[in-house]
Every structure is written in structure tokens, then in C-alpha cells.
Amino acid sequence: MRVLVVEDEAALAQQLDDALTAAGYAVDRAGDGLRADFLMQTESYDALVLDLGLPKIDGLTLLSRWRQAGHTTPVLILTARGSWHEKVQGIDGGADDYMAKPFQVEEVLARIRALIRRAGGLASREIRAGAIVLDPRDARVTLGGIPVKLTSHEFKVLSYLMHQRDRVVSQMELTEHIYAQDFDRESNTVEVFVARLRRKLGASAIETVRGLGYRMGASS
Amino acid sequence: MKASGSLRSRVWLGAILWTLGLFGFAGLLVNQVMLRHPESPQAVHAIFTYVGPVATLAALLLLVGLIQVSRGMSPIAQLRHRLSSIHEGHARRVNGEFPSEVQPLVDDLNALLAERDRVIERAQAKAGDLAHGLKTPLAVLLQEAETAERSGQPQVGAAIRHQVDRMQRQMDYHLAHARAAASGAAPGTRCEVAEVAEGLARTLRRLYVDRHLTVSLSVATGHAVRVERADLEEMLGNVLDNACKWAASSVSLSTTRTDASLVMMIDDDGPGVDDALLESVLQRGVRADETAPGSGFGLAIVRDLSEVYGGTIVLSRSPLGGLRATLTLPSA
């Protein structure tokens, strides 16, 4: 799962980055509206944390621009402006959630998890695929009730595939959603992660759809 | 301020003195004519034998004079009326046309009112900038507190967190208050409740999407209050948010209009508040349940805002089982 943090206050952006990275997300940062717009046009994200008072282009303008262009990425507005007037504007502008500063970082993480879960059309907190259960709250994976130890990249691949259950995910898409932007990517590393996951979770856990990508079924 | 005599009595005194002066000259003139032409008293006598027409003409002149003086004074009364309608919030400026002596005064008054609006706006913007400027550093500080807690210094973390929480509450409270104090004075405001309520319901449904709450509104069009839009949003937003926080499945807002007020009733089907606590949850910083999220300032802000506008908020038991908040504001 890849998250874009749009926040002009460097210290706060760093703290959010740290917390999200620790929770198993690939994180990109944008310190102004132009950079955020550029990243949104060129990369793919699973969720956005958006400050409203941004240099160059303000957050609400960006948001309505993205929504008009058809981007459906869930957006959490995180702003100093906490009046109801501003909340209504934010939600009407296309935000999916709204938090006022100062905030608890656990609360931000919980809301991001909920946004990503809802965007994937999932109702419960835990995501299941056969005997595999993934709990995004503490980045835990169990197979038949027994905890499975995964590296952070393996977790990211599995988490993305499970959020996109029953859909074929191309190698390119998978790469985009597990690495932050400045990361040196090599497409064949995804194959390596998938191979390792199959070793740990069973060969049939992840299906290869020839020429298209990978798929995990709800009952695989 | 002390009045320095009545304008009307001075105008009357002037008119009477003029009349007396005219009498004097007319007497002199008639006397001279009669001296030079001994037959002329006959002519004067002939004119004034027509008692009816002469009396009628004289009465008519007196009446028209009276009307002229009264009309001359009316712009003053009109100005007073216009000013009081500004005071009561029906108008923002002194409207209408006035005689050339009064119009410059009216123009100056309007300029003064415009300047006052600008000053209030600037003060509001500054208060907002100050509060919002502090919030991001506070957010950073709060995260540092968490870091301290994780790295084995729980007392330091807790102390910072506690103080940040206090600062945040103070800012939220005074920010809402400053805005209300400023806008409560601004005249000529009118806000449709239905519009505001729909926006808030949309927002709350989204914010509480996981709770699957039913937020139902029954607000007639034309139900409006004499309150700044942002302030009504803040009041209704806080009350509805509180209702959503506690509701089991449904929240409702309905309005009724009485003579001069609009009554808004917000109900939820949550656990409600103990009767003994009903009054105290409207106090600053008191929470009915210390474990629930929120600053404990939400309903206190609503109470203070409503008072600025001459309204009230009362808590009671809801027919739905939870809490009923009854917010009453002057209707427009």
C-alpha cells in the first residue's frame, strides 16, 4: 500500500512518514501543491494525507481538480482549520475523511486503514483469503491461525494483493504500489517476493495469470 | 448623551418670530397707506367682511405651514428609524435618499459602518491566523511526546501531551468565541437552516460511514435564523456531531417556528446523559464520559455562541431514548 503525504511543515511530514513507514506503507512526500499535483498525475497511490494550507496550490483546489479528473484515491484531509464550515467544504470538495490538528498519530493510521479497506470494498477489519488472515492494524499475517513472519516488502506485496482480492494485478501495478517514488525499483524483484510468499503461505496462495499478473482469491 | 434643546421647538420659535416681524411691517404699511389715502379703510373693510373665505385661507396657510415644518423634520426621524434597524440586524447600511443637508451625514455614517466591518474582519482573520499558526507546531509537539513515550520517558510524554491538549482546547474555545463575538454584532444576517443542515448531514454521514447511522432532517424551507452562516454551522455541527458520536443507529433534526424564534431539536438514540449531569455537560471542559473522545468544549461552545445571538441550548431526554438538544435562535 502506497501513501502520499502532502504537508508543507517538514517536521510534521517527517513524523507522519516515519509512522506510516513503520506501519508497513510505502510513503511519498510532497511539500507543496505543485509537487503533490505532479505526483498524483504520474504515480498511483492507495491513500492520500492532504494538508489544506499549502504553498503554490491550496489543498481544496487540488482535491477538486483531482476529483474532476476522475481520481478516486481516498483522501484524508489533515488540517489546522477545524471549523465545521471548513469540514463541510472539505467533504463536499471530495475528501473521504477529515481530521483537525493537532492529532494522535494512531488515529491517523486507523483512519488510513479504514479508507483503504473501504476503497477495496472490504467490510471487516481483517482481510481473509482462504486460511490466510491479514490484520492491517498491526501488520500481522496468520496462516491457519499460526503467525507467519514476513519481511516488510513481502508484507506490502501480500497486503496489496489481498486488498485487491479476486482481481488480476499486473506486475507493473504491484511495483507501483509497494515502492516509494525515490526507491530504486527492479521489476523482477516482485517475482522474488511472490516466490517467497508462496514458500511461506503455500504454492496455491497466489495464482499467476499468464501474461497478465497475479491474483489472490477470497478462497484461495 | 445630553440633548441641547429640541430642533422642532427652535424651528417653531423661528417661524413665530418671523410672523411677528411680518405683522409689524404689515401694520406700518397699512397705516401709511391709510394716512395718504383717507378713502382706503373702506377697501380694507370691504375685503375683511368676507369672514368665511378669509378665515379659510388663513387656516389653510397655518395648516400648510405646519405640514412643511413637520416634513422638514422627518428625515431626522427617518434616520433614527434606519439606524435602529441596523442595530436590530435588519440592515447593514443606512439606505434611502435624504435632503441635501442630511445626505453628507448619512454618507459619513455608512463609511463609518464599512470601516467597522473591515476592522472586525481583520481582527477575526488575525485571531484565526494566530490559532491556526499554532496548531501545526502543536501537532509536531504531540508526535514528539509519543516518541518520548515510546523511548522510555512516559512521564515527559504524558506531561507534554496533557499541556498540548489544554492549549488546543483553549484555542478552539476562544477561536469560536472570538468569531461569534465579532459576527454577533454584524447586522443584517440571515441563514437558511435547511441548507446548513444538509451540508452537515452529508459531512457527518461521510465521517461516520462505518457506523451506518441514519441522519434524518425535517427542516421546512424558509426556516431561517438571524445568525452568521459559519456560526450556525459551528453550533449545529457540534450538536449533531455529539449526537452521532453517541447514537446507536439514528440521529434526527427537526425545526419549528414560534413568534420570534426558531427551535431546532436534535435527537439521538444513544445512552443519553444522566439527569443529574444534564446541566453540567454544557459547562466548559466537562465531559459526560471521560473515556469518550472530544475536547469537552463542543457543547459549551454551542451554549456560548447561542448566547451571543440571544438564543439558548437546553438538554433533556429524547423520545428516541438518548439525548435531546434543543437549540433556540432568533428567527429571520
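The values are calculated or read from the model by the stated rules, or taken from the named source; none is laboratory data. Predicted, not measured: the structure shown is a model, and the values here were computed from it. Heads up, the Cβs are rebuilt from the backbone with ideal geometry, glycines too, and the neighbour counts pull from every protein chain shown. Surface areas here come from the heavy atoms of the whole protein model, side chains and all, with no ligands, DNA or RNA. Shrake-Rupley method; radii C 1.70, N 1.55, O 1.52, S 1.80 Å.
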> Does the stretch A:22-45 hold any residues that are within 14 Å of chain B (Cβ to nearest Cβ) and either closer than 24 Å to A:Ala80 by Cβ or in contact (Cβ under 8 Å) with a residue 24 or more places away in the chain (or both), and which are they?
Replying inline: A:Ala23, A:Gly31
> Pick from B:Glu101, B:Glu88: which is acidic (Asp, Glu), away from chain A (no Cβ under 14 Å), open to solvent by 90 Å² or more (accessible area, probe 1.4 Å) and under 30 Å from B:His174 (Cβ atoms)?
Replying inline: B:Glu88
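Test A:Leu197 against the stated conditions and say whether it is in a loop (DSSP other than H, G, I, E, B) and crowded, with 17+ Cβ neighbours inside 10 Å. Step through it out loud before you land on a result.
Numbers: in a loop (DSSP other than H, G, I, E, B): no; crowded, with 17+ Cβ neighbours inside 10 Å: yes.
Here the answer is no, as A:Leu197 does not meet what is asked.
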>> Looking for something under 30 Å from A:Lys101 (Cβ atoms) and of a type in the set (Gly, Ala, Ser) - is there at least one such residue anywhere in the stretch B:113-125?
In response: yes
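When residues of the stretch A:94-115 are filtered for being more than 24 Å from B:Thr147 (Cβ to Cβ) and open to solvent by less than 20 Å² (accessible area, probe 1.4 Å), how many remain? Spell out how you get there, then give the answer.
The first filter runs over the stretch A:94-115 and keeps only residues more than 24 Å from B:Thr147 (Cβ to Cβ), leaving A:94-98, A:114-115.
Now drop any that are not open to solvent by less than 20 Å² (accessible area, probe 1.4 Å), which leaves A:94-95, A:97-98, A:114-115.
So the answer is 6.
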> Can A:Val49 be described as outside any helix (DSSP H, G or I), within 13 Å of chain B (Cβ to nearest Cβ), out of contact with any Lys or Arg (no Cβ under 7 Å at 6 or more places or on another chain) and buried (at least 21 other Cβ atoms within 10 Å of the Cβ)?
Replying inline: yes
>> I'd like to know if the stretch A:77-96 contains one or more residues that are farther than 29 Å from B:Ala125 by Cβ and not assigned by TED's automatic domain parsing to the domain that holds A:Arg165.
In response: yes
> Counting only residues that are within 21 Å of the chain's Cα centre (by Cα) and of a type in the set (Gly, Ala, Ser), which one in the stretch A:54-92 is nearest to the other protein chains (Cβ to nearest Cβ)?
Replying inline: A:Gly90
> Between residues in the stretch B:303-332 that are hydrophobic (A, V, I, L, M, F, W, C) and residues that are open to solvent by 40 Å² or more (accessible area, probe 1.4 Å), which pairs lie under 6 Å by C-beta distance while being six or more apart or on different chains?
Replying inline: B:Ile313/B:Arg303; B:Ala332/B:Arg190; B:Ala332/B:Arg226
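Looking only at the stretch A:93-143, how many residues end up being among the polar types (S, T, N, Q) and within 13 Å of chain B (Cβ to nearest Cβ)?
Looking only at that region, the number is 2.
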> Restricting the search to the stretch A:102-136, which residues are without any contact (Cβ under 8 Å) to a residue 24 or more places away in the chain and under 30 Å from B:Gly133 (Cα atoms)?
Replying inline: A:Pro102, A:Gln104, A:Glu106, A:Glu107, A:Ala114
>> Looking at the stretch B:298-320 only, could you name the residues that are surrounded by fewer than 19 Cβ atoms within 10 Å (Cβ to Cβ) and among the polar types (S, T, N, Q)?
In response: B:Thr312, B:Ser316
> Is it the case that the stretch A:134-149 has a residue that's loosely packed, with under 12 Cβ neighbours inside 10 Å and within 24 Å of A:Val5 (Cβ to Cβ)?
Replying inline: yes
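Helices (runs of 4 or more DSSP H) wholly in the stretch B:151-270 with at least 1 residues that are open to solvent by 20 Å² or more (accessible area, probe 1.4 Å), under 24 Å from B:Ser316 (Cβ atoms) and not hydroxyl-bearing (Ser, Thr, Tyr) - which ones? First the steps, then the outcome.
Numbers: elements: B:154-185, B:193-207, B:229-246.
Helices (runs of 4 or more DSSP H) meeting the threshold: B:229-246.
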> Can you spot a residue in the stretch B:125-132 that is modelled with pLDDT under 85, in a helix (DSSP H, G or I), more than 8 Å from every other protein chain (Cβ to nearest Cβ) and over 28 Å from A:Glu86 (Cα atoms)?
Replying inline: no
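Tell me, yes or no, whether the stretch B:124-141 has at least one residue that is over 30 Å from A:Leu78 (Cβ atoms), loosely packed, with under 15 Cβ neighbours inside 10 Å and not β-branched (Val, Ile, Thr). Don't jump to the end; show me each part of the working.
Our first condition is that a residue be over 30 Å from A:Leu78 (Cβ atoms); within the stretch B:124-141, this holds for none.
No, the stretch B:124-141 contains no residue that is over 30 Å from A:Leu78 (Cβ atoms), loosely packed, with under 15 Cβ neighbours inside 10 Å and not β-branched (Val, Ile, Thr).
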> Exactly one of (1) in contact with a helix residue (DSSP H, G or I) (Cβ under 7 Å, 6 or more places away or on another chain); (2) open to solvent by 60 Å² or more (accessible area, probe 1.4 Å); (3) within 29 Å of A:Gln41 (Cα to Cα) is unmet by A:Gly121. Its number?
Replying inline: (1)
>> I need every pair where a residue in the stretch B:196-216 that is within 11 Å of another protein chain (Cβ to nearest Cβ) has its Cβ under 7 Å from the Cβ of a residue that is among the small types (Gly, Ala, Ser) and assigned to a helix (DSSP H, G or I), sequence separation at least 6 or different chains.
In response: B:Leu200/B:Gly237; B:Asp210/A:Ala114
